[in-house]
């Protein structure tokens, strides 16, 4: 870009708040920290063969930012997915593909309302998400807060 940003820009589309970082920007821990509590999702387009490093970064970012991480790598290298900060390990990758011979498009759904309700209540027992990271409550944007649903 002509001017480099000091904080990743947050895009608001309707009520959905997200950011985008290319793969090299995901390695910047300050950029990731700046997004904590500010976004529902982070999109990370990649063209990177180092899938092991970015696997660790995506898994960490889902927990540190406590948001959905949408990783999209070139099919030659693989590892495109939607990662969520769910409590149960088997639920964390909502969808994941590893390479292929042909270009294709896949879609997945994320539940930003459930994520926000959980983040607003700061409770984990019996809930689907991992606890928010220490200090998250101070960083959470007021405009993202949602009243939790009552348990039935």
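The values are calculated or read from the model by the stated rules, or taken from the named source; none is laboratory data. Just so we're clear, the structure is a prediction, and the values are computed from it rather than from any experiment. Counting neighbours? That spans all protein chains shown, and the Cβs are built from the backbone with ideal geometry, glycine included.
Could you check the stretch 41-97 and list, in sequence order, the residues that are over 10 Å from the mean Cα position of the chain (by Cα) and assigned to a strand (DSSP E or B)? Hits for the stretch 41-97 are 45, 72, 80, 81, 86, 93, 94, 95, 96, 97. Name the single residue that is farthest from residue 142 (Cα to Cα) among those in the stretch 6-16 being touching a helix residue (DSSP H, G or I) at 6+ places or on another chain (Cβ under 9 Å) and not in a strand (DSSP E or B). Step by step, filter the stretch 6-16, then rank; the result is 6. When you scan the stretch 93-112, do you find a residue that is in contact with a helix residue (DSSP H, G or I) (Cβ under 7 Å, 6 or more places away or on another chain) and either crowded, with 18+ Cβ neighbours inside 10 Å or without any contact (Cβ under 8 Å) to a residue 24 or more places away in the chain (or both), even just one? No - not one qualifying residue is present in the stretch 93-112.
Of all the residues in the stretch 93-115, those that are over 19 Å from residue 16 (Cα atoms) and modelled with pLDDT under 95 number 12. If only residues of the stretch 24-38 that are without any contact (Cβ under 8 Å) to a residue 40 or more places away in the chain and touching a helix residue (DSSP H, G or I) at 6+ places or on another chain (Cβ under 7 Å) are counted, the one that is surrounded by the fewest Cβ atoms within 10 Å (Cβ to Cβ) is 27.
For the structure I just gave you, tell me whether residue 147 is modelled with pLDDT under 90, part of a loop (DSSP other than H, G, I, E, B), within 17 Å of residue 64 (Cβ to Cβ) and more than 17 Å from the chain's Cα centre (by Cα).
On the way: modelled with pLDDT under 90: yes; part of a loop (DSSP other than H, G, I, E, B): yes; within 17 Å of residue 64 (Cβ to Cβ): no; more than 17 Å from the chain's Cα centre (by Cα): yes.
In short, no.
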